[in-house]
Amino acid sequence: MLKKYLDKVKPHFEPGGKLQSLHSVFDGFETFLYTPNTTSRSGVHIHDNIDSKRVMIIVVIALLPCLLFGMYNCGYQNYLGSGATDFPFWSILLYGFLAVLPRIVVSYVVGLGIEFIVAQWRREEIQEGFLVTGILIPLICPIETPLWMLAVATAFSVIFVKEVFGGTGYNVFNVALVTRAFLFFAYPAQMSGDKVFVSTEPILGLGGQVTFADGVSGATALGQLATAEPGYHATNIIGGAISQWDAFLGLIPGSFGETSTLAICIGAIILLATGIASWRIMLSVVAGGLFMGWIANVCATPTYPVAYLSPLDQLLYGGFAFAAVFMATDPVTAARTNAGKWIYGFLTGVIAILIRVYNNGYPEGAMLAVLLMNAFAPLIDYCVVQSNINRRMRRLKAKA
């Protein structure tokens, strides 16, 4: 019935129709619901029903475990911080849903609104890249980030990181990560500290008031280590207030979509099973993180407490796992050659741990590592391609 209705009103949005100025909006809505049945008339093409919109939807599905667990953890941290003795599952989940929903709405309204306007202005199809970006942005930001800041940062990233370069497929940097970077450097007080990673107010009678008293802290484990006095050992946290099992499950403070390594692993399985993300990048990022984590642990000194974390702990804490699965694998901003993917991923993992350990002023290095390697990805691919060309030329000369 819906398809028949769309076919009926479609002529109004075609050239010459009374609503032709909204053709891009209608086309975006129609192709979101149904795979287009148009075919090319010339040239050689490979046709597949998995177009870019379907790819983006699969990524969103892979993000759902992180989103759902993040909602629960958001409510759990509020109940825990407010001194609750009873933790009803559905009340906690509903609280998290109500806390997260405004941020998702703001992200999509601002980002998609800009993309709709630009598409209409350019008279082009509405690009679908923001289907994923719109959910990534709230997932990687602290739950207490003010909505107006989220709107400003999203608008900045969509306009100056994506649209000015030509839209989806042309951006050099990951749009969601630039949004977080903009927030961190423009509003550092709202992006770090003890009180930004835990929702502190009751919502519609659910939850309680968090005061951060009596030893209750909303700081992340990495944040506690980074701000500790020299000589503060990581074991004061690991195996104490926060265990490795807690870190794996994600029942710790942090950006609400990044805390659960378990949920991230489920998302990784979905992406790998559907062939959407590169296993080479995921594996090499983990390898680079383990390698640098081992080097830092072997050379640990009291001046840098984070260095005392084991290589496995480095993977469990912060946004490292989330970056390895969902950020570094972005097909637009990552390396595209197979050899380049190994180099790109390994260096991303190394740099993420390097920044985390040796920069006490910034306890999380995954964001900066991915953005830095986004800039070098084209150079890596160029070197790989030129190396292949030179090797084949030498082979050709040898045969001649």
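The values are calculated or read from the model by the stated rules, or taken from the named source; none is laboratory data. All figures in this text were calculated on a predicted structure; none of them were measured in a lab. Here the Cβ is made from the backbone with ideal geometry for all residues, glycine too, and neighbour counts use every protein chain on show. What goes into the accessible areas is simple: the full protein's heavy atoms, side chains included, and nothing from ligands, DNA or RNA. Shrake-Rupley method; radii C 1.70, N 1.55, O 1.52, S 1.80 Å.
For the range 360-377, give me each residue that is assigned to a helix (DSSP H, G or I), of a type outside the set (A, V, I, L, M) and touching a residue at least 60 places away in the same chain (Cβ under 8 Å).
First, pick out the residues of the range 360-377 that are assigned to a helix (DSSP H, G or I): 366-377.
Still in the list and also of a type outside the set (A, V, I, L, M): 374, 376.
The answer is N374, and nothing else.
For the range 174-198, name all the residues that are buried (at least 24 other Cβ atoms within 10 Å of the Cβ) and hydroxyl-bearing (S, T, Y).
Result: T179, single match.
If a residue has to be in contact (Cβ under 8 Å) with a residue 12 or more places away in the chain, β-branched (V, I, T) and either open to solvent by 30 Å² or more (accessible area, probe 1.4 Å) or in contact with a strand residue (DSSP E or B) (Cβ under 8 Å, 6 or more places away or on another chain) (or both) to count, how many in the range 153-173 make the cut?
Residues flagged as in contact (Cβ under 8 Å) with a residue 12 or more places away in the chain, β-branched (V, I, T) and either open to solvent by 30 Å² or more (accessible area, probe 1.4 Å) or in contact with a strand residue (DSSP E or B) (Cβ under 8 Å, 6 or more places away or on another chain) (or both) within the range 153-173 amount to 3.
Can you pull out the residues in the range 178-207 that are closer than 25 Å to G83 by Cα and among the aromatic types (F, W, Y)?
The one that is closer than 25 Å to G83 by Cα and among the aromatic types (F, W, Y): F197.
I'd like to check which helices (runs of 4 or more DSSP H) are fully inside the range 1-88 and have at least 2 residues that are at pLDDT 70 or above and within 30 Å of Q209 (Cα to Cα).
Those helices (runs of 4 or more DSSP H) span 52-81.
Name the helices (runs of 4 or more DSSP H) wholly inside the range 216-330 in which the number of residues that are at pLDDT 85 or above, over 26 Å from S82 (Cα atoms) and β-branched (V, I, T) is 3 or more.
By residue number, 261-273, 279-298.
Working only within the range 331-359, note down all residues that are open to solvent by less than 10 Å² (accessible area, probe 1.4 Å) and in a loop (DSSP other than H, G, I, E, B).
Taking the range 331-359 and keeping what is open to solvent by less than 10 Å² (accessible area, probe 1.4 Å), we get 333-335, 340, 344-345, 348-349, 352-353, 356-357.
Correct list: T333, A334, A335.
Out of all the residues in the range 108-131, is one or more closer than 24 Å to F97 by Cβ, part of a helix (DSSP H, G or I), open to solvent by less than 20 Å² (accessible area, probe 1.4 Å) and modelled with pLDDT under 90?
Step one: list which residues in the range 108-131 are closer than 24 Å to F97 by Cβ, which gives 108-113, 130-131.
From what's left, part of a helix (DSSP H, G or I): 108-113, 130-131.
Next, from what is left, pick out any that are open to solvent by less than 20 Å² (accessible area, probe 1.4 Å): 111, 130.
Those still in the list that are modelled with pLDDT under 90 too: 130.
Among the residues of the range 108-131, at least one is closer than 24 Å to F97 by Cβ, part of a helix (DSSP H, G or I), open to solvent by less than 20 Å² (accessible area, probe 1.4 Å) and modelled with pLDDT under 90, which makes the answer yes.
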